[in-house]
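Participant: Dropping the structure in here first, questions after.
The values are calculated or read from the model by the stated rules, or taken from the named source; none is laboratory data. Keep in mind that what you see is a predicted model, and the values were worked out from it rather than measured. Please note: Cβ atoms are built from the backbone with ideal geometry, for glycine as well, and neighbour counts cover all protein chains shown.
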Amino acid sequence: MKQIAFLFILSLGLLSCQQEKTAYVNNQEIMEGFEKLKQTEEEFSVEEEALKAKIDGMVAESGYQDLVQEYQSNQGKMSKAKEEELYNEIMQIQQRLSQQQKMSNQQFQQRKSAQMDSLVNTVKDFIKTYGKENGYTYIYGANESGNILYGKEELDITEEVTKALNDKYSVETPEEQTNEATADTTSTESVQ
(Lines give C-alpha, C1' and ligand atoms only; values in the text may rest on other atoms or scores of the structure.)
Protein backbone atom coordinates (compact mmCIF):
# COMPACT_ATOMS: atom_id res chain seq x y z
CA MET A 1 0.00 0.00 0.00
CA LYS A 2 2.87 2.35 0.84
CA GLN A 3 4.44 1.57 -2.53
CA ILE A 4 1.24 2.47 -4.36
CA ALA A 5 0.94 5.73 -2.45
CA PHE A 6 4.61 6.48 -3.13
CA LEU A 7 4.19 5.77 -6.88
CA PHE A 8 1.08 7.96 -6.97
CA ILE A 9 2.87 10.88 -5.28
CA LEU A 10 5.92 10.36 -7.52
CA SER A 11 3.78 10.40 -10.68
CA LEU A 12 2.01 13.57 -9.51
CA GLY A 13 5.38 15.17 -8.91
CA LEU A 14 6.58 14.23 -12.39
CA LEU A 15 3.41 15.55 -13.99
CA SER A 16 3.66 18.84 -12.16
CA CYS A 17 7.29 19.21 -13.28
CA GLN A 18 6.33 19.07 -16.95
CA GLN A 19 6.45 22.55 -18.33
CA GLU A 20 3.80 23.66 -20.76
CA LYS A 21 5.23 25.64 -23.64
CA THR A 22 3.24 28.83 -24.03
CA ALA A 23 3.63 32.01 -26.02
CA TYR A 24 1.59 34.90 -27.30
CA VAL A 25 1.25 36.89 -30.49
CA ASN A 26 0.01 40.39 -31.13
CA ASN A 27 -2.96 39.78 -33.42
CA GLN A 28 -2.95 43.27 -34.87
CA GLU A 29 0.77 43.19 -35.70
CA ILE A 30 0.38 39.83 -37.43
CA MET A 31 -2.50 41.11 -39.56
CA GLU A 32 -0.62 44.32 -40.38
CA GLY A 33 2.50 42.33 -41.29
CA PHE A 34 0.70 39.70 -43.39
CA GLU A 35 1.76 40.53 -46.95
CA LYS A 36 -1.09 38.58 -48.58
CA LEU A 37 -3.59 40.68 -46.62
CA LYS A 38 -1.86 43.89 -47.71
CA GLN A 39 -1.93 42.73 -51.33
CA THR A 40 -5.61 41.83 -51.09
CA GLU A 41 -6.44 45.23 -49.59
CA GLU A 42 -4.55 46.93 -52.44
CA GLU A 43 -6.44 44.84 -55.00
CA PHE A 44 -9.75 45.80 -53.42
CA SER A 45 -8.74 49.48 -53.45
CA VAL A 46 -8.06 49.24 -57.18
CA GLU A 47 -11.35 47.41 -57.70
CA GLU A 48 -13.20 50.03 -55.65
CA GLU A 49 -11.75 52.83 -57.81
CA ALA A 50 -12.79 50.92 -60.93
CA LEU A 51 -16.29 50.53 -59.50
CA LYS A 52 -16.50 54.27 -58.85
CA ALA A 53 -15.35 54.96 -62.41
CA LYS A 54 -17.95 52.52 -63.74
CA ILE A 55 -20.70 54.27 -61.78
CA ASP A 56 -19.49 57.67 -62.97
CA GLY A 57 -19.60 56.30 -66.52
CA MET A 58 -23.16 55.07 -66.01
CA VAL A 59 -24.17 58.52 -64.76
CA ALA A 60 -22.56 60.15 -67.80
CA GLU A 61 -24.19 57.67 -70.23
CA SER A 62 -27.61 58.15 -68.69
CA GLY A 63 -27.63 61.86 -69.53
CA TYR A 64 -28.65 62.55 -65.96
CA GLN A 65 -26.50 65.65 -65.54
CA ASP A 66 -27.73 67.12 -68.84
CA LEU A 67 -31.36 66.59 -67.84
CA VAL A 68 -30.81 68.17 -64.43
CA GLN A 69 -29.10 71.13 -66.06
CA GLU A 70 -31.92 71.47 -68.59
CA TYR A 71 -34.51 71.26 -65.83
CA GLN A 72 -32.76 73.88 -63.70
CA SER A 73 -32.16 76.33 -66.53
CA ASN A 74 -35.71 76.06 -67.93
CA GLN A 75 -37.60 75.77 -64.66
CA GLY A 76 -40.54 78.16 -64.76
CA LYS A 77 -40.04 78.74 -68.49
CA MET A 78 -41.69 75.53 -69.68
CA SER A 79 -45.21 74.29 -69.26
CA LYS A 80 -46.13 72.56 -66.00
CA ALA A 81 -46.73 69.29 -67.88
CA LYS A 82 -43.30 69.43 -69.56
CA GLU A 83 -41.65 70.42 -66.28
CA GLU A 84 -43.33 67.51 -64.48
CA GLU A 85 -42.42 65.09 -67.26
CA LEU A 86 -38.76 66.14 -67.15
CA TYR A 87 -38.74 65.98 -63.34
CA ASN A 88 -40.20 62.44 -63.40
CA GLU A 89 -37.62 61.35 -65.98
CA ILE A 90 -34.82 62.72 -63.78
CA MET A 91 -36.22 60.90 -60.73
CA GLN A 92 -36.48 57.60 -62.65
CA ILE A 93 -32.89 57.86 -63.84
CA GLN A 94 -31.75 58.82 -60.34
CA GLN A 95 -33.58 55.82 -58.83
CA ARG A 96 -32.17 53.42 -61.41
CA LEU A 97 -28.63 54.72 -60.90
CA SER A 98 -29.02 54.62 -57.15
CA GLN A 99 -30.23 51.00 -57.26
CA GLN A 100 -27.39 49.96 -59.56
CA GLN A 101 -24.85 51.71 -57.35
CA LYS A 102 -26.29 50.14 -54.21
CA MET A 103 -26.32 46.66 -55.76
CA SER A 104 -22.75 47.01 -57.06
CA ASN A 105 -21.52 48.29 -53.69
CA GLN A 106 -23.27 45.45 -51.82
CA GLN A 107 -21.73 42.82 -54.10
CA PHE A 108 -18.32 44.44 -53.73
CA GLN A 109 -18.60 44.60 -49.93
CA GLN A 110 -19.75 40.97 -49.74
CA ARG A 111 -16.79 39.80 -51.84
CA LYS A 112 -14.39 41.92 -49.80
CA SER A 113 -15.81 40.75 -46.50
CA ALA A 114 -15.70 37.09 -47.55
CA GLN A 115 -12.10 37.42 -48.73
CA MET A 116 -11.00 39.20 -45.54
CA ASP A 117 -12.77 36.61 -43.37
CA SER A 118 -11.01 33.89 -45.34
CA LEU A 119 -7.63 35.52 -44.71
CA VAL A 120 -8.37 35.88 -40.98
CA ASN A 121 -9.25 32.17 -40.88
CA THR A 122 -6.03 31.40 -42.78
CA VAL A 123 -4.04 33.23 -40.09
CA LYS A 124 -5.88 31.44 -37.26
CA ASP A 125 -5.35 28.04 -38.88
CA PHE A 126 -1.70 28.85 -39.54
CA ILE A 127 -1.13 29.79 -35.89
CA LYS A 128 -2.76 26.53 -34.76
CA THR A 129 -0.54 24.53 -37.09
CA TYR A 130 2.51 26.56 -36.09
CA GLY A 131 1.76 25.84 -32.44
CA LYS A 132 1.40 22.11 -33.01
CA GLU A 133 4.52 21.86 -35.17
CA ASN A 134 6.61 23.81 -32.65
CA GLY A 135 5.40 22.05 -29.51
CA TYR A 136 3.32 24.82 -27.99
CA THR A 137 0.57 23.94 -25.55
CA TYR A 138 -0.96 27.40 -25.88
CA ILE A 139 -0.46 30.42 -28.10
CA TYR A 140 -2.43 33.36 -26.80
CA GLY A 141 -3.54 36.28 -28.90
CA ALA A 142 -3.00 39.79 -27.58
CA ASN A 143 -5.20 42.54 -28.94
CA GLU A 144 -6.45 46.02 -28.15
CA SER A 145 -9.19 44.79 -25.85
CA GLY A 146 -6.48 43.72 -23.42
CA ASN A 147 -6.98 39.98 -23.07
CA ILE A 148 -3.24 39.83 -22.35
CA LEU A 149 -2.20 42.76 -20.25
CA TYR A 150 1.34 41.61 -19.70
CA GLY A 151 3.60 38.95 -21.11
CA LYS A 152 7.33 38.41 -20.93
CA GLU A 153 9.02 39.70 -24.07
CA GLU A 154 10.69 36.33 -24.66
CA LEU A 155 7.25 34.71 -24.91
CA ASP A 156 6.20 37.08 -27.72
CA ILE A 157 6.53 35.13 -30.97
CA THR A 158 4.73 37.66 -33.16
CA GLU A 159 7.71 38.29 -35.45
CA GLU A 160 8.50 34.58 -35.85
CA VAL A 161 4.90 33.75 -36.69
CA THR A 162 4.53 36.69 -39.09
CA LYS A 163 7.73 35.69 -40.92
CA ALA A 164 6.65 32.05 -41.16
CA LEU A 165 3.17 33.11 -42.31
CA ASN A 166 4.60 35.32 -45.05
CA ASP A 167 7.03 32.58 -46.08
CA LYS A 168 4.19 30.10 -46.47
CA TYR A 169 1.80 32.50 -48.20
CA SER A 170 4.34 34.56 -50.11
CA VAL A 171 3.03 36.98 -52.69
CA GLU A 172 4.73 38.22 -55.79
CA THR A 173 5.21 41.93 -56.13
CA PRO A 174 4.30 43.50 -59.48
CA GLU A 175 8.06 43.87 -60.14
CA GLU A 176 8.61 40.13 -59.60
CA GLN A 177 5.69 39.31 -61.90
CA THR A 178 7.11 41.64 -64.58
CA ASN A 179 10.60 40.16 -64.16
CA GLU A 180 9.21 36.63 -64.50
CA ALA A 181 7.24 37.59 -67.60
CA THR A 182 10.36 39.18 -69.09
CA ALA A 183 12.43 36.11 -68.22
CA ASP A 184 9.79 33.83 -69.80
CA THR A 185 9.74 35.94 -72.96
CA THR A 186 13.55 36.01 -73.11
CA SER A 187 13.85 32.25 -72.62
CA THR A 188 11.16 31.61 -75.23
CA GLU A 189 12.97 33.88 -77.71
CA SER A 190 16.31 32.17 -77.10
CA VAL A 191 14.75 28.74 -77.73
CA GLN A 192 13.46 29.86 -81.14
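Participant: Scan the range 69-86 and give yes if some residue there is touching a Ser or Thr at 6+ places or on another chain (Cβ under 6 Å) and either more than 30 Å from Ser113 (Cβ to Cβ) or at pLDDT 90 or above (or both), otherwise no. First the steps, then the outcome.
Facilitator: Quick first cut of the range 69-86, residues touching a Ser or Thr at 6+ places or on another chain (Cβ under 6 Å) only: none.
No.
Participant: Of everything in the range 160-185 that's at pLDDT 60 or above, β-branched (Val, Ile, Thr) and assigned to a helix (DSSP H, G or I), which residue is surrounded by the most Cβ atoms within 10 Å (Cβ to Cβ)?
Facilitator: Val161
Participant: Of the residues in the range 144-159, how many are at pLDDT 90 or above, farther than 26 Å from Glu43 by Cβ and β-branched (Val, Ile, Thr)?
Facilitator: 1
Participant: For the range 77-89, state whether one or more residues are under 30 Å from Glu29 (Cα atoms) and of a type in the set (Asp, Glu). Full working, then the answer.
Facilitator: The first filter runs over the range 77-89 and keeps only residues under 30 Å from Glu29 (Cα atoms), leaving none.
Looking through the range 77-89, none of the residues is under 30 Å from Glu29 (Cα atoms) and of a type in the set (Asp, Glu).
Participant: Same structure again: Give the residues of the range 64-104 that are in a helix (DSSP H, G or I) and exposed (fewer than 10 other Cβ atoms within 10 Å of the Cβ), sorted by residue number. Can you show your working first?
Facilitator: Start the filter on the range 64-104 by keeping residues that are in a helix (DSSP H, G or I), which leaves 64-74, 80-104.
Scanning the range 64-104 gives Gln72, Ser73, Lys80, Ala81.
Participant: Say we look at the range 116-136 and pick out the residues that are surrounded by fewer than 16 Cβ atoms within 10 Å (Cβ to Cβ) and of a type in the set (S, T, N, Q); which of these is farthest from the chain's Cα centre (by Cα)?
Facilitator: The extreme case among them is Asn134.
Participant: Could you check the range 112-155 and list, in sequence order, the residues that are assigned to a loop (DSSP other than H, G, I, E, B) and hydrophobic (A, V, I, L, M, F, W, C)?
Facilitator: Answer for the range 112-155, where residues must be assigned to a loop (DSSP other than H, G, I, E, B) and hydrophobic (A, V, I, L, M, F, W, C): Ile148, Leu149.
Participant: Could you give me the residue pairs with C-beta distances under 9 Å whose first residue belongs to the range 157-186 and is under 13 Å from Phe126 (Cα atoms), whose second residue is part of a loop (DSSP other than H, G, I, E, B) and at pLDDT 70 or above wherever it lies, and which are 6+ apart or on separate chains?
Facilitator: Once the first residue is under 13 Å from Phe126 (Cα atoms) and sits in the range 157-186, its partners that are part of a loop (DSSP other than H, G, I, E, B) and at pLDDT 70 or above give Glu160/Asn134; Thr162/Phe34; Leu165/Phe34; Asn166/Phe34; Tyr169/Phe34.
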